[in-house]
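Worksheet for the structure shown next.
The values are calculated or read from the model by the stated rules, or taken from the named source; none is laboratory data. Computed from a predicted model, the values in this text were never measured in an experiment. With ideal geometry, Cβ positions are generated from the backbone for all residues, glycine too; neighbour counts draw on all protein chains shown. Heads up: the accessible areas ignore ligands, DNA and RNA and are worked out on the full protein's heavy atoms, side chains in. Shrake-Rupley method; radii C 1.70, N 1.55, O 1.52, S 1.80 Å.
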Amino acid sequence: MASAAEQLASNLNFSTFAKAEDLKKRLWFTLAALLVYRLGTHIPLPGLNPEAYAQAFRGQAGGILGLFNMFAGGAVERMAIFALGIMPYISASIIVQLMTSVVPSLEALKKEGEQGRKIINQYTRYGTVLLGTLQAYGIAVGLESGSGLVLDPGWFFRISTVVTLLGGTMFLMWLGEQITARGIGNGISLIIFAGIAAGLPTALAGTLELGRTGALSTALILTVIVVAIGVITLIVFVERAQRRLLIQYPKRQVGNRMFQGDTSHLPLKLNTSGVIPAIFASSLLLLPATAAGFASNSELPNWATTIISALGHGQPAFMVLYGLLIAFFAFFYTAIVFNPKDTADNLKKHGGFILGIRPGERTAEYIDYVLTRITVVGAVYLVFVCILPEMLVARTGVPLALGGTSLLIVVSVTLDTVAQIQGHLVAQQYEGLIKKSKLRGGKRGR
């Protein structure tokens, strides 16, 4: 079956795509949904002074607001109705995932299959509403505390801001679910991808303009481009890399016939934690700078000013802490999303075993041993990809269009979307082969 699928995948061409009507409908729906999202990032929040806010944002762009602005596709910079973006949903999803590992009732729901997954998804939505409400209210209060940012401060502005921003987040959550069901790819990931990619042309144009004016040398820009291509190649290689454990199933007897035992593989991704460690590490390191931005320098003690300066972009302390936090969260999040004991129990339940390893506890220990070793490689890879852009900025001063975190997201989402498109095309060819075989069978019957 695997060889047949590979043969079909190798035969995919433009004519196959042209005949895939369902795939084209899904692609058009995905593009239309992302267009709606991009339009929403340009609709401003009512009651703000745009000029005063733009000036205030420029002073905070280097903090956590800049990170949120990247994920929100520039909506924070414009304080649009989608300024919260999809981040409350992602945060709620991560919190629920963490709770399923420590709360027995949620862990039991996780093991109930589709019905349990629906209940957990509902809890995630409730968490999104709660987090979105708190964040929106915090934004409203923060805007009112700024000088001249809000035209008419008061409870009406706070309530309208909470309703508008929370409504934007819930709409994006619904839009992401619609893309997943009726479009191509993971809807939430594509929304984040669209937000990051939207800022790419402007950033590239700015870099080229610096080269034209002589602020950056042509050789330096070409070097950065070559390095970026190399990093993208590395990301593609590692994100597709797997450590496959051979699973053997025993022989089985049906009636008087003895069937040979099947074999399969347990795939363990080299980077099981994905891009989550980089997001967590960036958020934690940018919190001090963001908090300090809301206070004047005279209000800060000397030790706080020293710490904030040491944790600035390009500083050695920032890079060391950034790398350590990424490595820590890589192991932490991998332990949350992958449970070797549950995997070993499922293999034992279905009669599967790893050659040379006793089923049960010994299998769980072996899987944990292999997973720990490949997570070391995955953590080193994440640290390298995320630290390299910081080093380039510190050494050369080149304003990079994509940082390590955003580059990981863009490449990973692209790979996943292309894989799903290929899957639809393979399914289309399978359906065509089945129809042809039925027609031949019908003609022979006649």
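Converting phi to 3J(HN,Hα) with the Karplus coefficients 6.51, -1.76 and 1.60 and the offset θ = phi - 60°, segment 327-337 yields 4, 4, 5, 4, 6, 5, 6, 4, 5, 6, 8 Hz in sequence order, with x at every glycine or proline. Seen from every direction in turn and averaged, the convex hull around the alpha carbons of segment 337-392 projects onto 4.6 nm². Please list, short to long, the whole-number percent of alpha-carbon pairs of segment 94-241 in consecutive 10 angstrom bins beginning at zero. Taking every Cα pair in segment 94-241, the percentages come to 9, 20, 25, 24, 18, 4, 0. Using a cut-off of 29 Å between Cα atoms, the listed pairs Lys111/Lys269; Lys25/Lys110; Lys25/Lys269; Lys24/Lys269; Lys118/Lys349 include Lys25/Lys110; Lys25/Lys269; Lys24/Lys269 as exceeding that distance. Couplings for segment 77-85, taken from phi via the Karplus curve 6.51 cos²θ - 1.76 cosθ + 1.60 with θ = phi - 60°, read 4, 9, 6, 8, 5, 9, 4, 5, x Hz in order; Gly and Pro are left as x. Taking amide H as placed 1.01 Å from N in the peptide plane, the amide H of Leu216 sits under 5 Å from that of Gly211, each at least 5 places away or on another chain.
Surface exposure of segment 122-210, expressed per residue as accessible area with a 1.4 Å probe, stands at 48 Å². Computed over segment 110-197, relative contact order equals 20 percent, with contacts defined as Cα pairs under 8 Å that lie 6+ residues apart. For Ile247, the amide hydrogen comes within under 5 Å of the amide hydrogens of Ser264, His265, Leu266, counting only partners 5 or more places away or on other chains and with H modelled in the peptide plane. Rounded to the nearest Hz, the phi-derived 3J(HN,Hα) couplings of segment 41-53 under the Karplus curve 6.51 cos²θ - 1.76 cosθ + 1.60 (θ = phi - 60°) are 6, 10, 8, x, 6, x, x, 9, 8, x, 5, 5, 5, where x marks glycine and proline.
In terms of the mean number of neighbouring beta-carbon atoms within 10 Å, the peptides 87-94, 186-193 order highest first as 186-193, 87-94.
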